[in-house]
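What follows is one structure encoded as structure tokens, with my remarks underneath.
The values are calculated or read from the model by the stated rules, or taken from the named source; none is laboratory data. The structure displayed is predicted, hence computed values, not measured ones. Cβ sites come from the backbone with ideal geometry, for glycine too, and all protein chains shown count toward neighbours. Just the protein is used for accessible areas: all its heavy atoms, side chains included, with ligands, DNA and RNA removed. Shrake-Rupley method; radii C 1.70, N 1.55, O 1.52, S 1.80 Å.
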Amino acid sequence: MEELRKSMFVALILAVICSVAVAYDPLDPTGNITIKWDIQSWTPDGYVAMVAMNNYQQYRQIMAPGWTLGWSWAKKEVIWSIVGAQATEQGDCSKFKGGIPHCCKHTPSVVDLLPGVPYNQQIANCCRGGVISAYGQDPAGSLSAFQVSVGLAGTTNKTVKLPKNFTLMGPGLGYTCGPATIVPSTVYWSADHRRKTQALMTWTVTCTYSQQLASRYPTCCVSFSSFYNSTIVPCAKCACGCGAHKSMGGRGGKSHSDGCIMGDSKRALTPGVNTPKKDGAQLLQCTNHMCPIRVHWHVKLNYKDYWRAKIAVTNFNYRMNYTQWTLVAQHPNLNNVTEVFSFQYKPLLPYGNINDTGMFYGLKLYNDLLMEAGPFGNVQSEVLMRKDDRTFTFSQGWAFPRKIYFNGDECKMPPPDSYPYLPNSAPLVTPRSLITAASACLLVLLLVA
């Protein structure tokens, strides 16, 4: 029995460690979405709370169709009303004879309102269709909020029961939320900063993202090329899973492969092909890699004191455009970025003095929208970097990034032995080439003898 207890304890510890490791992002170690509930006033049968969702992730946003927040009530609470959001289902409210609550479900799901709703349904930081910007890209847009009136609940700090089992869809899977925790009450300042008030009670919930929970396959891939080698290193075959998509008609109306259509087929030009589906099903252009997004890094020019690289992002999804997209690259020479053309650039310093990671994103109203697959489904820029004589080299693939992230998801990189190499450097020696060379040497020796 004692051995069984020990093994169960070890298994529990491993499960906790693995669950934490899955949601840990080394390039954004403190990134999370924090949901804060501030009770603003008590009502005869409950309370009115302001719920704020703060996205503290540097380069991961929530895109359309937006977030969905869910939880379970601790008792038999109901939602009398919501301002700035709405519950997706009302539930069974038949026991109420007078006023009917907004939602009677024990496990409500709440979504943001769309832009343009009447002013009496709005509140500050609401009504953007559930879209929340990354904190590193747009701090002002990284907050979403709504006000909720809760009934059949506690009416004091001691009788209120915290909601539990929080879930966050952003918009799909990937987020795991911890339990609600009571924290010191939020403090508010008046507009003239002469009076300070505070919430009657505050609790927070922290949600972290895991790419492994969001998808079995990567959602983007990387390809390479350079001016010093004619070889173009493509994305790896089936980098994003060739059999993971719904089958669509290909060239000539016949089925070409699972989940894709040929770029030059009539299906790609028909009206409505770019209309998103309610289930979020993708419609990809047929490629060797079958990824919605491809990032291409091209080593373009070499100067005496500088070198230049070109970055191109291509969208292969006919049903998705990316608003306020982000691209994160890890490269040792990003500590000497001189100029970035056509993109915004921001260094990311998760570990203080290590400056090898940066975030690229589009210029507002110019190229911050990556259109769906087609002739306009790409954005590109160039980055100029100053050489450091102590570290700079074009050999051994040094000029190419170590990691690439698109919209917070790590992209599939080519294998290191396929990187373009310098013309004067020898390719990788294989056992077969060694045997051939040894045989040639032996033949020469025999002929000389």
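Please verify whether PHE376 is hydrophobic (A, V, I, L, M, F, W, C) and in a loop (DSSP other than H, G, I, E, B), treating the condition exactly as stated.
yes
Determine whether region 84-94 contains at least one residue that is in a loop (DSSP other than H, G, I, E, B), out of contact with any His (no Cβ under 9 Å at 6 or more places or on another chain), within 23 Å of ALA124 (Cα to Cα) and modelled with pLDDT of 95 or more.
yes
Is it true that PRO101 is crowded, with 17+ Cβ neighbours inside 10 Å and either out of contact with any Ser or Thr (no Cβ under 6 Å at 6 or more places or on another chain) or at pLDDT 95 or above (or both)?
yes
How do the pairs read when you match residues in region 53-81 that are closer than 23 Å to ASP28 by Cβ with residues anywhere that are outside any strand (DSSP E or B) and of a type in the set (Asp, Glu), using Cβ under 8 Å and keeping only pairs 6 or more apart or on different chains?
Hits for this filter: GLN57/ASP28; GLN58/ASP28; TYR59/ASP28; ARG60/ASP28.
Which numbered condition in (1) without any contact (Cβ under 8 Å) to a residue 40 or more places away in the chain; (2) closer than 15 Å to ASN407 by Cα; (3) not charged (D, E, K, R) is the only one that ILE354 fails?
Here ILE354 meets the rest and fails (2).
For TYR119, which of the numbered conditions (1) in contact (Cβ under 8 Å) with a residue 12 or more places away in the chain; (2) farther than 23 Å from GLY408 by Cα fails to hold?
In the conditions (1) in contact (Cβ under 8 Å) with a residue 12 or more places away in the chain; (2) farther than 23 Å from GLY408 by Cα, TYR119 misses (1) alone.
Looking at region 135-248, what strands (runs of 3 or more DSSP E) fall wholly within it and have at least 3 residues that are assigned by the TED database to the domain that holds MET53, open to solvent by less than 60 Å² (accessible area, probe 1.4 Å) and under 29 Å from LYS346 (Cβ atoms)?
Counting at least 3 such residues, we get 143-151, 201-209.
Being closer than 20 Å to PRO179 by Cβ and of a type outside the set (A, V, I, L, M, F, W, C) is the requirement here; does THR88 meet it?
no
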